[in-house]
Every structure is written in C-alpha cells, then in structure tokens.
C-alpha cells in the first residue's frame, strides 16, 4: 500500500476551499497554511505541463518517496509511515529547519510564536477553537495535536488522524469541484492509478528526483 493523491487541474476552480478545510481540521497556527493554491508564474516551486494556459495549482506536501526532508532531519523527527506518508513527530522536532531548507516545494511551516499570541495578533475571537480536539499518535509518535508548541515545523500529513476512521483528508472532502482523489498507487487497478495512466498524470519538479506520491492531471488544451 502506497498512499497517494491525484489532483485534477481541469476541475480545480481556485476557490481555496482545500486550504481552509485543511487549516480548520488541523488546527494550524495563525498565519500558517499547509495547503496553498497558486497560478502559473506566481510560484517558483511549480512545474506547468504546458505554457500559456491559465489554471490553478494546489500545492502541499508531496509525500516524496525520496524525501530530502527525511534525510536531513538530524533527530529523526521526520519519518515515513507504512503507507509512505511523510510525518513529523512533534515531540522530537527541535526546530532546526533543515527540512524546510531541503524541501524543493517550500511546503513546510515553522511555528514562530506561541499559539495564543498568534491568534491574538491575527485578531481571532476570544474562545475560538478549531481542529480535531484529540491528539493522534502513529505507532506511539505524536503526529497531531490540537495545539502545537512554538519552535517546531509542521506540514500536511494526509490527515493521518482521520485515517483510522476511514475518512479521506479534509481537503478531499472539502473540494466542491471534486478535484482531489486519494488511493493506493501500488494497485494498478485503483482509481488513482487509472487516472494517472489514462490522463497523463505528472509530478512536480521531477528533475529533483524526489518521486512524489502526489500527481496532477493537466488541464485541457486551450482551443485556438
């Protein structure tokens, strides 16, 4: 089992519901966004399948098979789950940010300040709470908590805290255009494998050799 995601760029309407759902369900600190949506030419970390075609490009952790972030972490805080998902052990992370420097996609976020101070600075309402209220441990390692401490790095974890409940990631469930699909990339008959094969799925920055588990389906060609 190799868990992966396919994002159909023809279906993405750039509404950023994925980013909002991701932030809401994962209690991301004020000012931090695990998901973002860019347009061609607006972000240095994207690879467009064709020139001159305007479309929206969602970007989050690519859960690479050859993950540079995993290799450079000096304390083993970044590690790989059995299904290939790249996770961060919040209790082990020392905030050195080597992983942030190593990631060619620029998707990791650093907690610069105390969560309560951040919420105050961004004018959150008093008493406002969001995110799954229970912490989640993967094989004994803390990979989700409703409140993270200052000085650690975090990122998309494919909503690992919902996996045991049989739920798809929040971004998949929150996408109104149904542009996102998750499944087993090792199964040639899975929906994700068929989409990649039948619709010319591509990966971001293949020249980096990271071998992402996130694939994109190109938008249709613009009629002349």
Original post:
Looking at the range 98-123, which of the residues that are over 15 Å from residue 29 (Cβ atoms) and surrounded by fewer than 15 Cβ atoms within 10 Å (Cβ to Cβ) is nearest to the chain's Cα centre (by Cα)?
Top reply: 106
Subject >> Selected residue [in a helix (DSSP H, G or I) and modelled with pLDDT of 90 or more] from 101, 118 >> reply: 101
Original post:
So which residues in the range 156-194 are modelled with pLDDT under 95 and within 22 Å of residue 67 (Cβ to Cβ), if there are any at all?
Top reply: 163
**OP:** Determine if the range 125-135 includes at least one residue that is at pLDDT 95 or above and either in contact with a helix residue (DSSP H, G or I) (Cβ under 6 Å, 6 or more places away or on another chain) or more than 25 Å from residue 77 (Cα to Cα) (or both).
**Re:** no
Original post:
Looking only at the range 79-98, which residues are in contact (Cβ under 8 Å) with a residue 60 or more places away in the chain and not in a loop (DSSP other than H, G, I, E, B)?
Top reply: 79, 86, 87, 88
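Each row is one residue, and each column tells you yes or no for (1) farther than 25 Å from residue 81 by Cβ; (2) touching a helix residue (DSSP H, G or I) at 6+ places or on another chain (Cβ under 9 Å); (3) assigned to a loop (DSSP other than H, G, I, E, B).
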position	(1), (2), (3)
181	no, yes, no
195	no, no, no
204	no, no, yes
211	no, no, yes
Original post:
Does residue 147 qualify as being surrounded by fewer than 16 Cβ atoms within 10 Å (Cβ to Cβ) and touching a helix residue (DSSP H, G or I) at 6+ places or on another chain (Cβ under 7 Å)?
Top reply: yes
**OP:** Among the residues of the range 84-97, write down those that are touching a strand residue (DSSP E or B) at 6+ places or on another chain (Cβ under 9 Å), more than 22 Å from residue 208 (Cβ to Cβ) and surrounded by fewer than 19 Cβ atoms within 10 Å (Cβ to Cβ).
**Re:** 91, 92, 95
**OP:** Scan (1) surrounded by fewer than 17 Cβ atoms within 10 Å (Cβ to Cβ); (2) at pLDDT below 95 for the single condition residue 40 breaks and write down its number.
**Re:** (1)
Original post:
With (1) in contact (Cβ under 8 Å) with a residue 24 or more places away in the chain; (2) surrounded by fewer than 20 Cβ atoms within 10 Å (Cβ to Cβ) as the list, and residue 156 as the residue in question, which single condition is left unmet?
Top reply: (2)
Original post:
residue 102 fails exactly one of the following numbered conditions: (1) at positive phi; (2) in contact with a helix residue (DSSP H, G or I) (Cβ under 6 Å, 6 or more places away or on another chain). What is the number of that condition?
Top reply: (1)
**OP:** For the range 59-71, indicate whether the set of residues that are modelled with pLDDT of 95 or more, within 27 Å of residue 209 (Cα to Cα) and over 17 Å from the mean Cα position of the chain (by Cα) is non-empty.
**Re:** yes
**OP:** State whether one or more residues within the range 171-179 are in contact with a strand residue (DSSP E or B) (Cβ under 7 Å, 6 or more places away or on another chain) and either on the phi > 0 side of the Ramachandran plot or assigned to a helix (DSSP H, G or I) (or both).
**Re:** yes
Original post:
In the range 1-22, what residues are crowded, with 21+ Cβ neighbours inside 10 Å and outside any loop (DSSP other than H, G, I, E, B)?
Top reply: 3, 4, 5, 6, 7, 18, 22
Original post:
Out of the range 192-216, which residues are in contact (Cβ under 8 Å) with a residue 12 or more places away in the chain and within 14 Å of residue 2 (Cβ to Cβ)?
Top reply: 192, 196, 203, 211, 212, 213, 214, 215
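The values are calculated or read from the model by the stated rules, or taken from the named source; none is laboratory data. This one's a predicted model, so the numbers in the text were calculated from it and none came from an experiment. Cβ coordinates were reconstructed from backbone atoms using ideal geometry, including for glycine residues, and neighbour counts include every protein chain displayed.
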